[in-house]
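A short write-up of the structure that comes next.
The values are calculated or read from the model by the stated rules, or taken from the named source; none is laboratory data. Remember, it's a predicted structure, so these values are computed and weren't measured experimentally. All Cβ positions, even for glycine, are placed from backbone atoms using ideal geometry, and neighbour counts span all protein chains on display. Accessible surface is based on the protein model in full, side chains and every heavy atom, while ligands, DNA and RNA are left aside. Shrake-Rupley method; radii C 1.70, N 1.55, O 1.52, S 1.80 Å.
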Amino acid sequence: MKFLKLCFKNWIMPIAIGITIAVLIQKFIVIGATVDGLSMMPNLSNNEKVIESKLSTIKRGDVVVFDARDEDPAISAGKKYYVKRVVGIGGDTVEQRNSKLFVNGKEVNQSYIDFYQQSEGTGLNWQLSNLSKKHGWQEKDQNQTRVPKGTYFVLGDNRMLSNDSRSYGFIDKSHILGKAIVPFWQQNKQAKENINHQAKSFFVN
C-alpha cells in the first residue's frame, strides 16, 4: 500500500498534471499549425510550422488560421484550415485602387509584399460589393459594402495564387482558430516581422 502511495505521489500524479496542463495549453492557449500551399509567400512557405495563439486579439494586419469548411464552397478535399492575413474587420470598407489597398479610405502599408503581388499581376480595381457579384459569394455575404460585424476580410500575401475573401467572402469570427505566430527560432527575421508585427504598422504613415 505504501508503495502504491509513493508511486501515485511521485509518478502518476505529476504525469497526470503534466498531461492536463499540456491539453489545456493546446485547447485554450497555443497549438502548432502547418502552412499548406503558397498563398502566403514570401512570408510563409509551404509546410512551414507556425504557432497558433488562441488568446490573441485579432487586429488588422494579423495572420490567422481558420476553419474554411463553412467558408469556402470550393474547398479541396482533405483541406480544412487556411492561413491568411486580416485586412478588414467589422465595419470596415475595403477596396483596391491602382494596385493599392485601402481600408476606410486610408492606404494600407503593403511593404511586406512586392509591387507585382500587390497588383495581383494585373492592377485590378475592386470593392466589396463588386467582388461579391463577380465571384458569387454566399447569400449571407452578398451586396455588403462594409465588412459585417463579427466577421473578417482576409487576403493571402501571394495575391496571384491566393484563394481568399475575394473569392468566397467574409470569415465568421467563430471559425477563427487563432493568430499565426512565427516562432522565435525562425531564421528569417524579416518574414518573422512581417507576420508577427505587421499590425503595428498597418496603414501608410
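Give the residues of the stretch 75-95 that are at pLDDT below 95 and on the phi > 0 side of the Ramachandran plot, sorted by residue number.
Across the stretch 75-95, the qualifying residue is only Gly78.
Take the stretch 68-97 and flag every residue that is charged (D, E, K, R), open to solvent by 80 Å² or more (accessible area, probe 1.4 Å) and not in a loop (DSSP other than H, G, I, E, B).
Hit for the stretch 68-97 is Arg97, nothing else.
Give the residue that is most open to solvent (accessible area, probe 1.4 Å), with candidates limited to residues of the stretch 50-67 that are modelled with pLDDT under 90 and assigned to a strand (DSSP E or B).
Only one residue fits best here, namely Ile51.
Could you tell me whether Val108 is closer than 17 Å to Phe170 by Cβ and modelled with pLDDT of 90 or more? Quick ask: steps written out before the conclusion?
Working: closer than 17 Å to Phe170 by Cβ: no; modelled with pLDDT of 90 or more: yes.
No, not satisfied.
Only one of (1) closer than 19 Å to Tyr112 by Cβ; (2) crowded, with 20+ Cβ neighbours inside 10 Å fails for Leu38. Which number is that?
Of (1) closer than 19 Å to Tyr112 by Cβ; (2) crowded, with 20+ Cβ neighbours inside 10 Å, only one is false for Leu38: (2).
Residues of the stretch 130-158 being open to solvent by 10 Å² or more (accessible area, probe 1.4 Å), of a type in the set (S, T, N, Q) and either within 16 Å of Tyr82 (Cβ to Cβ) or assigned to a helix (DSSP H, G or I) (or both), which ones?
Asn130, Gln138, Thr151, Asn158, listed by residue number.
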